[in-house]
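Rule-based calculations on the coordinates, nothing more; no lab input. These figures come from a predicted structure and were not determined experimentally. Reconstructed Cβ throughout: ideal geometry from the backbone, glycine too, with neighbour counts over all protein chains shown.
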Amino acid sequence: MIYTLSIVTVVFVLLARDRAPADLLFPGALVLLLFGGIISPAEALAGFANRGMMTVAILFVVSDAVQQTGLVQTLADRFLKGGVGASGVGKRRMLRILAPAAALSPFLNNTPIVAIFTPIIKKWCGANDEAPSRYLIPLSYATILGGTLTLIGTSTTLVVHGLMQQAGFDGLRFFEIARVGGPMLVVGLLYILIFGPRLLPDRRDTLRGLESEPKRYLIEMRVGEACPLIGKSVREANLRNLQGVYLTDIERDGEHIGPISGTERIQAADRLVFAGLTTSVVDLGNIPGLFPVDQETFTRDAGRLHDHLVEVVVSNSSPAVGKTVKEYNFRSMYDAAVVAIHRNGEQIPSRLGDVELRSGDTLVLLTREDFTGRWRNSRDFYLVSKLDTVRVENKRLGLATLAVVVAMVAAASLGGLLPPIGPGGQHIDMFYAAAGAAFLLVAIGAVTPSSAKRSLQLDVLITIACAFGVSQALINSGAAAVIARALIASLAPFGPLGGLAAVYIATAVFTAVITNNAAAALMFPIAYATATELGAAPVPFFIAVAVAASASFATPIGYQTNLIVQGAGGYRFRDFVRIGLPLNILMLLVALFTIPIAWPL
């Protein structure tokens, strides 16, 4: 037991301190538990064949098909038309954003919903002098709350569903979790509408700051006729080794040349754009033949750079995390130059090349026109300010995709009423419905086989599959029972309801500092053991784990959509705590009231 607890504790601490990704830590823990004799090879591999985990994988393909056809984009445009910029009270505008997000998230992956809605909201905010920070946290929260309505609304519910089946239970029906998710959605949206305008910050986003005050981010110098750098390459002129600034762009004859190669030669009248500390303008001015561009001219002309700028958020699976921009050779990797880096809503006051990147960092990139097309589906970034958003080019294909998704939901919901299939007499469930939908979407051309393969988020799937084995180790070693008894002792006077509260709170705390799927997998055996020790029905405790791991609002770490909007809205960590912690407590109270009614203890 000590061996297992030690391994799980190390994994937890490393995840909480962001020292290593979950898809590296959980396989490592699984191997150690295997060689320690805590789990058998069959138990170690069980997660990779689990129907819940495989359903998550297949739904990535379905979600990618919907995103590729531009269906969500079209729906977002229609739902939000006039929403942000419309006249009227703030609550009405807020509801125009919350309603479609909450309506789509029970049936589609939350991440693409937020990734597609975010640039639309930001664009409208820019056109109407609104702060995106007033709307993006509510967007993330609405998708999280909407995801608690169905089995596929969040991968966390599917993880718990798979663990229940592995433990010999029936699993969850498609809309079963809505018994608690519905009240949570209603109460949560009311909270956001009432208190959101008071608690949310009014903060401009990175790109608007770049356009309105370019001197905060960029320094531009003009090459004079007698400049000794003329004819020299960028490398020969030592413009690659300047302190505090980095050459990102050269404007020549009205055209932008960037990202800059070290072999590019300086010409007279070139306008050199540097990124970094504006205090370094004095040092640049000491270079013979370089002159600062007039502030008014630069402010006017900087807007032309917008066509070449893309704002991205570094994902937690990006290989750049933990490395500096220079170490990772960012320009060569992505053919893009980093213009600015924001972290927790503030520009980092240091040379860009020396900044160690973290998940959630917002980067403003100077890119070529094809950047968003090449990196839109990359797991390295969440593209939240892309200019060439996907549109539905074939309306019939978009409608066919919608029909397939509707049929998938209907089959998963009503499969128990259909005749059983297969040698084992299996009824159609979510796994069957998702597999059939993915097959049809590939067959009709809504998603190509290569795109389907790219849509599989291997880091998430590996974490989930390995977490199943770690969860089994907690049971085999007896560690789950020991932790369960400690939880029960802490709330012993309150009986099963106290135990349910302890499981919910522990899951919520785990989710706030590590990934939601990992938290659910680690807490499942503890919840099971707690119910067993109390002589209570286990299913209510499983439901508590599912909703507590899904409804994470107090930190940007706990849920992927929070991480996306953190950078896009310029939020600081305390912004999530201020509005999200009360919401977490409110959801706890709703869950403790509704779960015992829907699933008697």
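Taking amide H as placed 1.01 Å from N in the peptide plane, Phe274 has its amide H under 5 Å from the amide H of Ile219, Glu220, Met221, Thr248, each at least 5 places away in sequence or on another chain. In this label model, Ile194 and Ala403 are separated by 4.5 nm, measuring between points 7 Å along each Cα→Cβ vector. Working note: Karplus 6.51/-1.76/1.60 with θ = phi - 60° gives the stretch 160-170 the couplings 5, 4, x, 5, 5, 5, 5, 8, x, 8, 6 Hz, where Gly and Pro are set to x. Amide H to amide H, with H built 1.01 Å from N, Phe381 comes under 5 Å of Ser315, counting only residues 5 or more places away or on other chains.
Taking amide H as placed 1.01 Å from N in the peptide plane, Val339 has its amide H under 5 Å from the amide H of Val364, Leu365, Leu366, each at least 5 places away in sequence or on another chain.
If r is the Cβ-Cβ distance from Val13 to Asp129 and R0 is 51 Å, what FRET efficiency results, to the nearest 0.05?
Numbers: r = 45 Å, r/R0 = 0.88.
Once rounded, the FRET efficiency stands at 0.70.
Which FRET efficiency value, to the nearest 0.05, is calculated for Glu533 and Ser6 with the Förster distance at 22 angstrom and r the Cβ-Cβ distance?
Details: r = 23 Å, r/R0 = 1.05.
Efficiency computed from Cβ-Cβ geometry: 0.45.
With all pairs of different C-alpha atoms in the average, the Kirkwood value for the hydrodynamic radius of the stretch 507-570 is 12.3 Å. Couplings 3J(HN,Hα) of the stretch 458-466, computed from phi: 4, 4, 5, 5, 5, 4, 4, 4, 6 Hz, in residue order, whole Hz [Karplus 6.51 cos²θ - 1.76 cosθ + 1.60, θ = phi - 60°; x for Gly and Pro]. Over all pairs of different C-alpha atoms in the stretch 462-581, the reciprocal of the mean inverse distance, the Kirkwood hydrodynamic radius, equals 14.8 Å. Evaluating 6.51 cos²θ - 1.76 cosθ + 1.60 at θ = phi - 60° for every residue in the stretch 312-321, the Karplus couplings come out as 10, 10, 5, 7, 6, 9, 5, x, 7, 4 Hz, glycine and proline recorded as x. The modelled label-to-label distance between Lys326 and Val186, using points 7 Å beyond Cα along the C-beta direction, is 5.9 nm. Applying 0.36 nm per residue to the separation of Met333 and Leu592 and subtracting their alpha-carbon distance, the gain on full extension is 88.3 nm. The simple Förster model, with R0 at 35 Å and r as the Cβ-Cβ distance, assigns Leu24 and Gln426 a FRET efficiency of 0.50. Other residues with beta-carbon under 14 Å from the beta-carbon of Gly153 carry, at +1 per Lys or Arg and -1 per Asp or Glu, a net charge of +1.
Under 14 Å from the Cβ of Arg331, count the other residues' Cβ atoms, weight Lys and Arg +1, Asp and Glu -1, and hand me the total. Within the 14 Å Cβ shell, the charges total +1. Give the residues of the stretch 495-517 whose amide nitrogen is closer than 19 Å to a point set 7 Å from the Cα of Val482 in the direction of its Cβ. Of the residues in the stretch 495-517, none has backbone N under 19 Å from the label point off Val482.
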